[in-house]
Amino acid sequence: MSSEAGITIVRHPEVTPDIKGTCYGVTDVELSADGLASIPRIAAELKDYRPSKVYHSGLTRARLLAQEVASVAGCELAVDRRFCEINFGAWENRTWASVFAEAGDDMARIIHEPATYA
């Protein structure tokens, strides 16, 4: 493990299974039982990176892990909404299948043109 300063980005643990297949973007979904159970293990691993500050999006799925990491690492915790997932607008909380059925090839544009597609 290097002692150099850097940024480590970690995705949230597994979300609740009832949201599987759903475009949930900025919706504040809960973690699954396995996701919740994984938090102490992940936090213990991340402590070894010796973070000086832990940022999270404010969404529950990210906040719970961030709080544990900051607690075990003894560092500051901060919310930064810029870490939130994309707001999918009219696609939010719809199944991906229904989004693809309606949007067709437009769905690919959000992946290939993320800065300009709306």
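The values are calculated or read from the model by the stated rules, or taken from the named source; none is laboratory data. In this text, all values refer to a predicted model and were calculated from it rather than measured experimentally. Glycine gets a Cβ as well: all are built from the backbone with ideal geometry, and neighbour counts include every protein chain shown. Heavy atoms of the whole protein, side chains included, go into the accessibility calculation; ligands, DNA and RNA do not. Shrake-Rupley method; radii C 1.70, N 1.55, O 1.52, S 1.80 Å.
Flag: VAL99 matches the condition of being more than 30 Å from GLY6 (Cα to Cα), in a helix (DSSP H, G or I), of a type in the set (A, V, I, L, M, F, W, C) and open to solvent by less than 30 Å² (accessible area, probe 1.4 Å). Could you grab me the full set of residues in segment 12-57 that are part of a loop (DSSP other than H, G, I, E, B) and aromatic (Phe, Trp, Tyr)? Within segment 12-57, TYR24, TYR49 meet the criteria.
Looking at this structure, is TYR49 closer than 17 Å to ILE9 by Cβ and surrounded by 17 or more Cβ atoms within 10 Å (Cβ to Cβ)? Walk me through it before giving the result.
Numbers: closer than 17 Å to ILE9 by Cβ: yes; surrounded by 17 or more Cβ atoms within 10 Å (Cβ to Cβ): no.
No; evaluated as a whole, the condition is false for this residue.
Do we have any residue at all in segment 63-82 that's within 17 Å of the chain's Cα centre (by Cα), among the polar types (S, T, N, Q), within 25 Å of ALA118 (Cα to Cα) and surrounded by 13 or more Cβ atoms within 10 Å (Cβ to Cβ)? Can you show your working first?
Step one: filter segment 63-82 for residues within 17 Å of the chain's Cα centre (by Cα), giving 63-70, 77-82.
Still in the running and among the polar types (S, T, N, Q): 67.
Now narrow it down to the ones that are within 25 Å of ALA118 (Cα to Cα): none.
No, the conditions are met nowhere in segment 63-82.
Condition test on ALA108, is it of a type in the set (A, V, I, L, M) and either outside any helix (DSSP H, G or I) or open to solvent by less than 70 Å² (accessible area, probe 1.4 Å) (or both)?
Working: of a type in the set (A, V, I, L, M): yes; either outside any helix (DSSP H, G or I) or open to solvent by less than 70 Å² (accessible area, probe 1.4 Å) (or both): yes.
Considered against the rule, which asks whether it is of a type in the set (A, V, I, L, M) and either outside any helix (DSSP H, G or I) or open to solvent by less than 70 Å² (accessible area, probe 1.4 Å) (or both), ALA108 comes out as yes.
Only residues that are at pLDDT 95 or above and open to solvent by 100 Å² or more (accessible area, probe 1.4 Å) were counted in segment 19-44, giving 3.
Mind checking which residues of segment 80-96 are farther than 14 Å from ILE9 by Cα and either β-branched (Val, Ile, Thr) or not in a loop (DSSP other than H, G, I, E, B) (or both)? Give the steps one after another, and end with the answer.
We begin by selecting, within segment 80-96, every residue farther than 14 Å from ILE9 by Cα; these are 81, 86-96.
Across segment 80-96, the qualifying residues are ARG81, ILE86, GLY89, ALA90, TRP91, ARG94, THR95, TRP96.
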